[in-house]
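First the structure, in the form of structure tokens, and then the observations on it.
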Amino acid sequence: MTRIAIVRRDRCSPQACGNYLCIRVCPVNKQGADCIVKGLDTKAQIIEETCIGCNICVVKCPFDAISIINLPEQLDNSPIHRFGTNKYALYSLPTPIFGKVVGIVGMNGIGKSTAIKILAGLLQPNLGETTAVDYKRIIDFFKGTETQAFFEKVKQDKIKISYKPQHVDLIPKTTSGKVIDLLKKVDEKNQTEKIAELLDIQSILQHDIKQISGGELQRVAIAACVLRRANLYVFDEPTSYLDINQRLQIARFIKDLANEDTAVIVIEHDLIALDYMADVVHIMYGKEGCYGIVSQPKAAKAGLNTYLEGFLKEENMRFRELPIKFEIKAPFSTARKQCLTSWNNFDKQLDKFKLSVNAGEIYKQEIIGILGQNGIGKTTFVKILAGIMEPDDAKIDLKMKVSYKPQYIENNSEELVINILHQAIAKYSNEIIKPLELEPLFTKQINQLSGGELQRVAIAECLARDATLFLLDEPSAYLDVEQRLSLSKIMRNLVETKAITLLVVDHDLLFLDYLSDRLLVFTGAPSFAGTSQGPFAMEQGMNTLLKEVNITLRRDEFSGRPRINKPGSQLDREQKQTGKYYYG
Ligand code: SF4
């Protein structure tokens, strides 16, 4: 068995723990041999060859700075790259394939961007040694695989990569000017107008980059990526902030990019969108900040089912304790439920946009998913319920405490996470803090957090407030699949044990399908008019939305997960004819 030791430099503080506590407790050191020594940088250094894996140092370290990891026995290779002694290690790489879209699905923080940098030739790997090795050895390392041919091209400088970053919301912080000027600046193909039309962003070309919405920013970032001349295009979470229609439009666009001279890699956590666009999938697993392993490529359908199963048959490797199952739920019965609150019809005019809300009611202890296209009034509706905005023609007073998590979260504060989460830590240490893995973030400032970390902090803070009704706008953005499903379980547990009610706006249909009891659907013409319908039972709600966007869904026969039917396929036509857009 291969064992690696990770020492987090930022946490290890030998003076504060009473002079290398780990050295004093290590049984190998106690017997006079060297296992943990004082490193040149004054931090603890663990000699992996002599470590017996007893985990005593891990338990005793007061700063949670040490991880001892027994790697799977099946792992027959040394790492493709290691950042140094007792630092992160990456095992294997995804394989770009010309003419195909290769998807990567997996947890955040386990080395996807390191893998991409290696593929792009921006980081020369070291095969676990102290210095970078030459490409001849890397080519030998991958002998007989598709990756070998790819690295031969990297060596000959024949790979040019273009990358769409994950955090598009950071773009306006470092860039300014009109969208058209910014796109023209990166356009190496003279195709700005054509790509703008394909991505449906013509109407915002004259707008300032700082004035456009998250969904528009996402499409501008995708346009900027494809306007560069490259033969490997990498899209890191291309669907964040996009609605279901836009997700499919982007999925088709990305699919069309792949040809015999062009390879495409997509990192994506919306499994419905990934399923629709990827030909092949790699599963990436490991431990955040410690190591990452990339599975063999699998056909997309089988790969995503394997991911949900949590077990790689060929590698004989279980990477999650329990499978994720999509079971057909019994319809939500309102018979024995008590009404929590209700609202009458109301309208809200915002410039040219008019929101018309139909009367509705919410029951105690239920989760309502809110669905609809972008620009259709979902956020306005939620803000009105939260008391942040007022309707034009009525007064909404829910007569209860409401807690609201906005779609865009402020990240400029220097406040420490532990201070922001004091209420959550006191009330919900086991229910929220632990499952969202927030403890390691306590000593970070808000402005030092990644998008996913910030999202988890904002969710925890919102859910811990003293309130009866909780409104969460796009909580899945920047969360990986595991975190999305873990969040679903946290919410369900709170609804059942704390008698609260949740309204959740999101675009990830799989997440909402897993989470919701009923659905509130917004239909209409984006940016002009939106109307609320419902809340409905799941099947009726999904049917209403899917009919509006002209998409049908079926359930995968093995995992039960929702999958989009190919437009015009027999199943698509049949479901449309019978009005069963949802797989119900
Ligand atoms: Fe020493 Fe390894 Fe045990 Fe830590 S896990 S105390 S380094 S033998």
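The values are calculated or read from the model by the stated rules, or taken from the named source; none is laboratory data. Just so it is clear, the model here is predicted, and its values are computed rather than measured. With ideal geometry, Cβ positions are generated from the backbone for all residues, glycine too; neighbour counts draw on all protein chains shown. Areas reflect the complete protein model, heavy atoms only, side chains present, ligands, DNA and RNA absent. Shrake-Rupley method; radii C 1.70, N 1.55, O 1.52, S 1.80 Å.
Answer yes or no as to whether Ile396 is out of contact with any Cys (no Cβ under 7 Å at 6 or more places or on another chain), open to solvent by less than 70 Å² (accessible area, probe 1.4 Å) and under 23 Å from Arg484 (Cβ atoms). So Ile396 fails the test.
Reported count of residues in the range 291-322, each being assigned to a loop (DSSP other than H, G, I, E, B), more than 16 Å from Asp480 (Cα to Cα) and open to solvent by less than 50 Å² (accessible area, probe 1.4 Å), is 2.
Would you confirm whether or not the range 161-170 contains a residue that is within 30 Å of Gln211 (Cα to Cα) and out of contact with any Phe, Trp or Tyr (no Cβ under 9 Å at 6 or more places or on another chain)? Yes.
One residue alone among Ile265, Ile272, Ile283, Ile362 is more than 30 Å from Pro94 (Cβ to Cβ) and buried (at least 16 other Cβ atoms within 10 Å of the Cβ), and that residue is Ile362.
Condition check ((1) part of a helix (DSSP H, G or I); (2) open to solvent by less than 10 Å² (accessible area, probe 1.4 Å)) across all residues:
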site: Lys210; (1), (2): yes, no
site: Arg219; (1), (2): yes, no
site: Ile222; (1), (2): yes, yes
site: Cys225; (1), (2): yes, yes
site: Ala230; (1), (2): no, no
site: Pro238; (1), (2): no, yes
site: Leu242; (1), (2): no, yes
site: Ile250; (1), (2): yes, yes
site: Lys255; (1), (2): yes, no
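Quick one: would you say Ser13 is away from the ligand (no atom under 16 Å from the Cβ) and open to solvent by less than 60 Å² (accessible area, probe 1.4 Å)? Spelling it out, Ser13 is indeed away from the ligand (no atom under 16 Å from the Cβ) and open to solvent by less than 60 Å² (accessible area, probe 1.4 Å). Whether a residue is within 26 Å of the chain's Cα centre (by Cα), open to solvent by 10 Å² or more (accessible area, probe 1.4 Å) and away from the ligand (no atom under 16 Å from the Cβ) was assessed, and Ile118 does not pass this test. The set of residues in the range 196-208 being in contact with a Leu (Cβ under 9 Å, 6 or more places away or on another chain) and open to solvent by 10 Å² or more (accessible area, probe 1.4 Å) consists of Leu205 alone.
Select from the range 511-550 the residues that are farther than 24 Å from Lys566 by Cβ and in contact with a Pro (Cβ under 8 Å, 6 or more places away or on another chain) and write down the one among them that is surrounded by the fewest Cβ atoms within 10 Å (Cβ to Cβ). Only one residue tops the list, namely Ala537. Looking across the range 21-42, the residues that are more than 8 Å from the ligand (Cβ to nearest atom) and either out of contact with any strand residue (DSSP E or B) (no Cβ under 6 Å at 6 or more places or on another chain) or open to solvent by 60 Å² or more (accessible area, probe 1.4 Å) (or both) come down to Leu21, Arg24, Lys30, Gln31, Gly32, Ala33, Asp34, Lys38, Leu40, Asp41, Thr42. Per the listing Lys566, Lys576, the residue uniquely closer than 22 Å to Phe326 by Cα, open to solvent by 40 Å² or more (accessible area, probe 1.4 Å) and outside the structural domain of Val382 (by TED's automatic domain parsing) is Lys566.
Every residue, every condition in (1) under 30 Å from Lys158 (Cα atoms); (2) within 16 Å of the ligand (Cβ to nearest atom); (3) open to solvent by 60 Å² or more (accessible area, probe 1.4 Å), yes or no:
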| residue | (1), (2), (3) |
| --- | --- |
| Lys60 | no, yes, yes |
| Pro72 | no, no, no |
| Tyr88 | yes, no, no |
| Tyr91 | yes, no, no |
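Of the residues making up the range 150-159, those that are surrounded by 15 or more Cβ atoms within 10 Å (Cβ to Cβ) and farther than 18 Å from Asn126 by Cα are Lys153, Ile159.
A count restricted to the range 43-58 and to residues that are more than 9 Å from the ligand (Cβ to nearest atom), in a loop (DSSP other than H, G, I, E, B) and either touching a His at 6+ places or on another chain (Cβ under 8 Å) or within 13 Å of Cys22 (Cα to Cα) (or both) stands at 1.
The residue pairs whose first member lies in the range 215-241 and is in contact (Cβ under 8 Å) with a residue 24 or more places away in the chain and not assigned by TED's automatic domain parsing to the domain that holds Lys178, whose second member is acidic (Asp, Glu) and crowded, with 22+ Cβ neighbours inside 10 Å, and whose beta carbons are closer than 8 Å, counting only pairs six or more residues apart or on different chains, are Phe235/Glu268; Glu237/Glu268; Pro238/Glu268; Thr239/Glu268; Thr239/Asp270; Tyr241/Glu474.
Only a single item in (1) among the charged types (D, E, K, R); (2) within 30 Å of Ala115 (Cβ to Cβ); (3) buried (at least 20 other Cβ atoms within 10 Å of the Cβ) is not met by Lys378, and it is number (2). As a summary of the residue check, Pro435 satisfies the conditions (1) open to solvent by less than 80 Å² (accessible area, probe 1.4 Å); (2) not in a loop (DSSP other than H, G, I, E, B) except for the one numbered (2). Checking each residue in the range 74-86 for being at negative phi and either within 11 Å of the ligand (Cβ to nearest atom) or surrounded by fewer than 13 Cβ atoms within 10 Å (Cβ to Cβ) (or both) picks out Gln74, Asp76.
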